[in-house]
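Data first, discussion second: the structure below is written as structure tokens.
The values are calculated or read from the model by the stated rules, or taken from the named source; none is laboratory data. These numbers were taken from a predicted model, which means no experiment stands behind them. Positions of Cβ are generated from backbone atoms using ideal geometry, with glycine treated the same way; all protein chains shown enter the neighbour counts. Accessible surface is based on the protein model in full, side chains and every heavy atom, while ligands, DNA and RNA are left aside. Shrake-Rupley method; radii C 1.70, N 1.55, O 1.52, S 1.80 Å.
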Amino acid sequence: MGRNSASYVTHLECSATGECVPARTLQNLSAAGRPLLVRYDLERVRKEFPRSALTDRAPDLWRYRELLPYESTGSVVSLGEAMTPVIALDKLARRWDLSALWVKDEGRLPTGSFKARGLALAVTMAHELGVREMAIPTNGNAGAAMAAYAARAGIRSLCFCPSDTPDANVREMALLGAATYLVDGLIDDCGKLVTQGERERGWFNCSTLKEPYRIEGKKTMGLELAEQLDWQLPDVILYPTGGGTGLIGMWKAFGELEALGWIGPMRPRMIAVQAAGCAPIVRAFESGAVAAARWENARTIAAGIRVPAAIGDALILDAVRASGGIALAVDDDAIETAWHAVAAEEGVLLCPETAATVAAIERARERGAIRRGERVVLFNCAAAQKYPLPAAAQALPRGGAVDFKRL
Ligand SMILES: *Cc1c(COP(=O)(O)O)cnc(C)c1O
């Protein structure tokens, strides 16, 4: 059923200048040094791929094949990217007067994070285009996902992560066969080493938005969400923003779905959430800037959003503004409080990055950026077990003799 070979891709396009680049070639940034975006013949997809065709397809991200970039089904590198469940947080929805608060649990993807979506596509494309070695700067989850898919494809992988990356992530990358380096510095320092290796050793640079395909994988989060909500997008999406690939990817997905006639012009307001200790996008948003300056001395317990400078800064700011959303920061104490609350009240263990988005709801309600009765969506970006969890709220009783009256 469907097309096994040949994609609907027409070309790659520079996100800043509109310059066209041929698609069937290995690419990183455009000539202008900006991200390249994949463009499809959406007119033809619209004619040949009715929404109803989805009902017969496997419940995984490859069901959106016509909106994905690979030429041949035979090149697909997969570890079972099942559709992730959308879970209602009813008690918290009531607390903030929302008609719905949903969390899409991305921690169930291979390697325990939504980085699997992007890297499944990036490695599939690298495999199709003959890459032998690929390198990535990572705060942990991206490197683990790349290492896993590269191992399957027989591609050598190299991961560069800050030396204080959570230990579970570092071990995971190494176990998956990646040459793993602990760098004294932050993720953009790791990025410089990857650029150097690209120049001196010919490694393919797999940094987010410095190659065109991770975003195509990440956009399936938006396609899936739209389908799961019966093509009625929510009023608000809160997104913990590091490199911003997911936010930009979902925004691209919604545009493509509208071009196909599968959704109308209504868009969620996109709220970019950052940690107070690393908030370059929030600062740029508030000052009205179109690009974000590097954040110095970045620190937060939410490792996945400790990104002091993002190559997709202009795209993130564009999407947030075009959607009528905002960018806001929350501090690490608020992240911990929210982390405890969702776990103890709703039975859902979040990653700290997602706890930041929960903390942001209250702030956004106060500022009128989320209004009563609205439908709000969060993403649990990674399995909580990949992180050092916060200590329990109270000292725990221990010892041999249990005092049953106190329990
Ligand atoms: C990568 C990551 C993020 C940030 O995602 P971007 O799309 O790169 O902004 C947030 N949380 C976790 C757990 C991550 O791994």
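Cross-link pairs exceeding 23 Å in C-alpha to C-alpha distance, out of Lys104/Lys386; Lys91/Lys218; Lys115/Lys210; Lys210/Lys252; Lys91/Lys219, comprise Lys91/Lys218; Lys91/Lys219. Taken about its Cα centre, region 295-407 carries a charge dipole of about 280 debye when Lys and Arg each add +1 at the Cβ and Asp and Glu each add -1 at the Cβ. Ranking of Phe49, Phe285 by solvent-accessible surface, largest first: Phe285, Phe49 (1.4 Å probe, protein heavy atoms only, all chains present). Trp295: accessible area at probe 1.4 Å, nearest 10 Å²? The accessible area of Trp295 comes to roughly 50 Å². Taking every alpha-carbon pair under 8 Å whose residues sit at least 6 apart, the chain reaches a relative contact order of 17 percent. As a rough guide to protection, the peptides 301-314, 149-162 ranked by mean Cβ packing within 10 Å, highest first, stand as 301-314, 149-162.
Here region 297-403 exposes an accessible surface that is 50 percent carbon and sulfur, computed with a 1.4 Å probe and the other protein chains kept in place. Structural descriptor for region 208-351: relative contact order 24 percent, calculated from alpha carbon pairs under 8 angstrom and at least 6 residues apart.
Ligands, DNA and RNA are left out, and with a 1.4 angstrom probe the accessible area of region 291-407 is 50 Å² per residue. The residues Asp184, Asp41, Asp105, sorted by heavy-atom accessible surface at 1.4 Å with ligands and nucleic acids left out, run Asp184, Asp41, Asp105 from largest to smallest.
If you take the square roots of the eigenvalues of the alpha-carbon gyration tensor of region 164-222 and sort them as a ≥ b ≥ c, do you get rounded (a/c under 1.5), prolate (a/b over b/c) or oblate? Because a/c hits 1.5 or more and a/b fails to exceed b/c, region 164-222 counts as oblate. The Cα atoms of region 1-116 give a gyration tensor whose axes a ≥ b ≥ c have a/c of 1.5 or more with a/b greater than b/c, which makes the shape prolate. Using Cα-Cα distances under 8 Å and only pairs 6 or more residues apart, what relative contact order does region 133-282 have, in percent? Computed over region 133-282, the figure is 19 percent. What does a probe at Ala16 reach in region 304-348, counting residues whose amide N is under 16 Å from the point 7 Å along Cα→Cβ? Correct set: 309-318. Adding -39500 (n - 2.57) for every DSSP H run of four residues or longer, then dividing by how many residues the chain holds, sets the calculated 222 nm ellipticity at -10500 deg cm²/dmol.
Relative to one another, the C-alpha centroids of region 103-143 and region 6-31 are positioned 20 Å apart. Farthest towards the positive end of the charge dipole of the chain, among the residues Ala275, Leu396, Leu79, is the Cα of Leu79, using unit charges on the Cβ of Lys, Arg, Asp and Glu.
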